[in-house]
Amino acid sequence: MSDSGNNGIQGAVEEMAQATGEVAKDVKDSVGEMIETNVQTAVGTPPTPQQIQQKQAEDQQKITETRRKISWFKKIDQEQRRVIQENKQKEMQRLQSLQQEKQVKQIKLEQKKAQPINPALAMMGKPEKKGGVGG
């Protein structure tokens, strides 16, 4: 059972790593485009108002998408932390339960050993032995 939980977490971690790489690539591409645009602006003709507006809209879409991905990653991280904490609590409860069971068994065993044996009670459960003549 714990293996399947670890596989799920491992899968989520791998998915998060992949998505993080995609976000980093998107940011890198956006920065590269901005640098390229600024170089073109400095070297060539200035962009038209329509081009500026279109570029601003594209940049805004990229920013929105990046924020969405970051939010999604934070949500996954919180969920992973919650699941890990729950699993730790369950394991602690299981170990405590086992420890209590051992203690109860040990106490019963010690009580049984410490209990004085009454010879009259001890003979009650045993069949009477008849021996000798006339028996």
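Since every read-out is calculated from the coordinates, none of them should be taken as a lab result. What you are looking at is a predicted structure, and each value in this text was computed from that prediction instead of being measured.
Just a few scattered comments:
- Out-of-range pairs (alpha-carbon distance over 32 Å; input K62/K90; K88/K108; K25/K75; K28/K74): K62/K90
- For segment 2-107, the alpha carbon positions stretch 91, 18, 17 Å along the principal axes, listed from largest to smallest.
- In sequence order, segment 22-33 has phi-based couplings of 5, 5, 4, 5, 4, 5, 4, 4, 5, 5, x, 5 Hz under the Karplus curve 6.51 cos²θ - 1.76 cosθ + 1.60, θ = phi - 60°, and Gly or Pro positions carry x.
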